[in-house]
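As structure tokens, the structure follows; a few thoughts come after it.
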Amino acid sequence: MGRIAVIAIVVAALLMGAGLWYSQTRGYYHGIEATALEITGPNGTVQTLPVEGLEGIDAESSPIRFRACARLAGPMPTAAPFAQPTPLTAPGWFDCFDANAIGEALERGEATAFLSRAEIHPDVDRVLAVFPDGRVFAWHQLRPE
């Protein structure tokens, strides 16, 4: 009788653990369908930033789960820099977005951060990191205080 109880507890724990893992890493995410990103100019106007090969994910469960990767499809417009960019990690299965590599490139000056859209959600900004070779990475982050 004790073995059945132990097996039931172990099976229940494994199922709960698998459910928790799935909900945190995959369950709430969905792909985004867009062909352009936005960027804020120095005078505060939002402009379209045409890109190609846009891959992105987002989730309704949190305003900071947005991540995107793309390439510029034209010249980079003049834009407002973003002072404190902090790329947030993406789920491991979203391979195009490596927050650590992007953050290191920003620190070394190999990429430049720009404000894409202020207050995309309350107290959340969309930030872009643009590399000289045309790669663009986007994420949402809490507004710096």
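The values are calculated or read from the model by the stated rules, or taken from the named source; none is laboratory data. Please read all numbers here as calculations on a predicted model, not as lab measurements. Note: ideal-geometry Cβ built from the backbone for every residue, glycine included; neighbour counts use all protein chains shown.
Checking each residue of segment 67-86 against the condition of being of a type in the set (Ser, Thr, Tyr), touching a strand residue (DSSP E or B) at 6+ places or on another chain (Cβ under 7 Å) and either surrounded by fewer than 13 Cβ atoms within 10 Å (Cβ to Cβ) or not assigned by TED's automatic domain parsing to the domain that holds TRP21 (or both) gives at least one match.
Of the residues making up segment 22-50, just one is touching a residue at least 60 places away in the same chain (Cβ under 8 Å) and under 12 Å from the mean Cα position of the chain (by Cα), namely TYR29. Would you be able to tell me the number of residues in segment 101-124 that are farther than 19 Å from GLU60 by Cβ and either aromatic (Phe, Trp, Tyr) or part of a loop (DSSP other than H, G, I, E, B) (or both)? The number of residues fulfilling the criteria is 4.
Let's see how each residue does on (1) without any contact (Cβ under 8 Å) to a residue 60 or more places away in the chain; (2) in contact with a helix residue (DSSP H, G or I) (Cβ under 6 Å, 6 or more places away or on another chain); (3) of a type outside the set (Gly, Ala, Ser):
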{"position": "LEU15", "(1), (2), (3)": "yes, no, yes"}
{"position": "LEU20", "(1), (2), (3)": "yes, no, yes"}
{"position": "GLU52", "(1), (2), (3)": "yes, no, yes"}
{"position": "SER62", "(1), (2), (3)": "yes, no, no"}
{"position": "CYS69", "(1), (2), (3)": "no, no, yes"}
{"position": "ALA79", "(1), (2), (3)": "yes, no, no"}
{"position": "CYS96", "(1), (2), (3)": "yes, no, yes"}
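Return the only residue of PRO122, PRO85, PRO144 being over 26 Å from SER23 (Cβ atoms) and more than 15 Å from the chain's Cα centre (by Cα).
Working: PRO122 fails: over 26 Å from SER23 (Cβ atoms); PRO85 fails: more than 15 Å from the chain's Cα centre (by Cα).
Going through PRO122, PRO85, PRO144 in turn, just one is over 26 Å from SER23 (Cβ atoms) and more than 15 Å from the chain's Cα centre (by Cα): PRO144.
Return the only residue of ARG126, ARG71, ARG67 being of a type outside the set (A, V, I, L, M), closer than 22 Å to HIS30 by Cα and touching a Gly at 6+ places or on another chain (Cβ under 6 Å). After ruling out the rest, the residue left standing is ARG71.
With respect to (1) among the small types (Gly, Ala, Ser); (2) under 22 Å from ALA111 (Cα atoms); (3) over 13 Å from the mean Cα position of the chain (by Cα), the lone exception for ALA5 is condition (2).
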